[in-house]
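Working notes, structure below.
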Amino acid sequence: MKKCFKCGIEKELDEFYKHPQMGDGHLNKCKECTKNDVRQDYERKSKDVEWFKRERERGREKYHRLNYKDAERTIRRKSLFWMTNEYKGLRKWASKKIILTETDELHHWNYNKIKDFFVLSKRAHKLIHKYMQVNEETGLYITKNGVVLDTKTKHFNFILNILESKGYKRFSIGVYNFTN
């Protein structure tokens, strides 16, 4: 057992991240408090445009240094929806229809309806993809529990539940449909 210096609650040792330089081999701040601090720090820093540009450049450098391009190319070859010209130019097309910031990303609930999508922050988009995967044959998402998100409403509610359960206090989701 160990007491977190941040929240003051005594918890099991496995509730603390390992740290070899600490006396007992674990941080003095519990995992929950550490995650909250990191989240708050990211929200504070992400408001600074210069920090955001440096992070983007750091990410690009890492992408090239670790040769992610080849791995991504392999994944994209397997995915039929990535191959269409309509999908490749979608962000550029969407930015003419709606206002997109640098941190906005398009998320499709159904890849058979390319111009029917949600707009999420990059961070929220990355998070929700941890809990679902696309079925290549149907173009629909399936949750880790095997639930098929076959309607836009189901998909939207699933996104809201994930973001709220992970402590996102402020977030926005743009819902767009340009298929008509």
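Here, each number is a calculation from the coordinates, and none is a lab measurement. What you see is a predicted model, and the numbers here were worked out from it, not measured in a lab. Using ideal geometry, Cβ is built from the backbone for each residue, glycine included, and neighbour counts are taken over all protein chains shown.
Relative to the current alpha-carbon distance between residue 177 and residue 31, full extension at 0.36 nm per residue lengthens the span by 48.6 nm. The protection proxy used here, the mean number of other Cβ atoms lying within 10 Å of each residue, ranks peptides 56-66, 110-120 as follows, highest first: 110-120, 56-66.
Just check segment 96-180 against the gyration tensor rule for me: Cα atoms, a ≥ b ≥ c as the square roots of the eigenvalues, rounded for a/c under 1.5, and otherwise prolate or oblate depending on whether a/b exceeds b/c. Oblate, because a/c is 1.5 or more while a/b does not exceed b/c. Relative to the dominant Cα principal axis of the chain, helix 68-78 is inclined by about 50°. When 144, 166 are arranged by Cβ crowding within 10 Å, least crowded first, meaning fewest neighbours, the order is 144, 166. In the chain, helical runs assigned H by DSSP with n ≥ 4 each contribute -39500 (n - 2.57); averaged across all residues and rounded to the nearest 500, the mean residue ellipticity at 222 nm is -13000 deg cm²/dmol.
Just checking the listed ones, 127, 13, 90: in the Gaussian network model of the chain with Cα springs under 10 Å, the one fluctuating most is 13.
Counting only residues at least eight positions apart within a chain, or on another chain, the aspartates and glutamates with an alpha carbon under 19 Å from that of residue 96 are 86, 104, 105, 116. Shown in residue order for segment 148-159 are the 3J(HN,Hα) couplings computed by the Karplus curve 6.51 cos²θ - 1.76 cosθ + 1.60 at θ = phi - 60°: 7, 8, 8, 10, 5, 5, 4, 5, 4, 5, 4, 4 Hz (x for Gly and Pro). What does the C-alpha gyration tensor say about the overall shape of segment 2-47? Classify as rounded when a/c is under 1.5, otherwise prolate if a/b is larger than b/c, or oblate. Taking the square roots of the gyration eigenvalues as a ≥ b ≥ c, segment 2-47 is prolate.
For segment 114-122, 3J(HN,Hα) computed residue by residue from phi via the Karplus equation (6.51, -1.76, 1.60; θ = phi - 60°) reads 4, 9, 10, 8, 9, 10, 10, 5, 4 Hz, glycine and proline entered as x. Taking other Cβ atoms within 10 Å as a rough exposure proxy, 150, 70, 48 sort from fewest to most as 70, 48, 150. Let me check against my output: what whole-number percent is the relative contact order of segment 79-177, with C-alpha pairs under 8 Å and at least 6 apart? Across segment 79-177, relative contact order equals 26 percent.
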